[in-house]
Amino acid sequence: MTKYFREADWETRVRAGVALDVKVRFSECDPYGHMNNTIPFIYFEDARIELLEATGFSLKDGFVVVADAQCDYVRQVMPRQSIVVYANVLTVGNTSCDIHYGAYDGDQLMFAGRTSLVHLSKSGRPTEWTPEYKNRLQNFSESAII
């Protein structure tokens, strides 16, 4: 099975989303001198918030939760290394969407990930995106397709 981040247009689509510049802190590294394996999820969260803000998500319409999260570690990341974490919406459903992430040092993919978000009402039940917001998510995603 081919990894999602090895698909032909994946890198182009992810890099067309939001970008978060990161310099790895010493405190984010383990005793072996490389980034702790929990840290990418923190970077994903920061990039995801940027993405939701860029698409105009509002808490007045409910909130989103991460239903599934995955990270694939491709290369070691070291203290003080500068990377860029990209995030973009790759699929949009009625009550959910998938956001993919790629962390790069120049042209080298360091790690990749994806999260499935579910839109919940204020009562905590899955609820459909408003038509306007779903359209914004789809347009944001489609703007990355060449």
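The values are calculated or read from the model by the stated rules, or taken from the named source; none is laboratory data. Treat the numbers as computed from the prediction; the structure is a model and nothing was measured. Virtual Cβ from ideal backbone geometry, glycine too; neighbours counted across all protein chains shown.
Listing for the model above:
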read-out: Meets criteria (hydroxyl-bearing (Ser, Thr, Tyr), loosely packed, with under 14 Cβ neighbours inside 10 Å, modelled with pLDDT under 95 and over 26 Å from Glu132 (Cα atoms)) for Thr38; value: no
read-out: Odd one out for Gln76 among (1) closer than 28 Å to Phe26 by Cβ; (2) outside any loop (DSSP other than H, G, I, E, B); value: (2)
read-out: Breaking point among (1) surrounded by 13 or more Cβ atoms within 10 Å (Cβ to Cβ); (2) within 23 Å of Lys134 (Cβ to Cβ); (3) not polar (S, T, N, Q), for Leu59; value: (1)
read-out: Which listed residue is without any contact (Cβ under 8 Å) to a residue 12 or more places away in the chain, surrounded by 12 or more Cβ atoms within 10 Å (Cβ to Cβ) and of a type in the set (Asp, Glu), from Glu50, Glu45; value: Glu45
read-out: Residue check, Cys71 closer than 24 Å to Gly124 by Cα, among the hydrophobic types (A, V, I, L, M, F, W, C), modelled with pLDDT of 95 or more and touching a Phe, Trp or Tyr at 6+ places or on another chain (Cβ under 9 Å); value: no
read-out: Residue selected from segment 37-86 under the condition among the β-branched types (Val, Ile, Thr) and in contact with an Asp or Glu (Cβ under 7 Å, 6 or more places away or on another chain), by the criterion farthest from Ala19 (Cα to Cα); value: Ile39
read-out: Number of positions in segment 114-146 that are assigned to a helix (DSSP H, G or I) and in contact (Cβ under 8 Å) with a residue 12 or more places away in the chain; value: 7
read-out: Sole exception among (1) in contact (Cβ under 8 Å) with a residue 40 or more places away in the chain; (2) of a type in the set (Lys, Arg); (3) part of a helix (DSSP H, G or I); (4) over 15 Å from Leu109 (Cα atoms) for Lys60, by number; value: (1)
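This table checks each residue for (1) within 28 Å of Phe26 (Cβ to Cβ); (2) modelled with pLDDT under 95; (3) not small (Gly, Ala, Ser); (4) not in a strand (DSSP E or B).
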| residue | (1), (2), (3), (4) |
| --- | --- |
| Ile83 | yes, no, yes, no |
| Leu90 | no, yes, yes, no |
| His100 | no, no, yes, no |
| Ala103 | yes, no, no, no |
| Ala112 | yes, no, no, no |
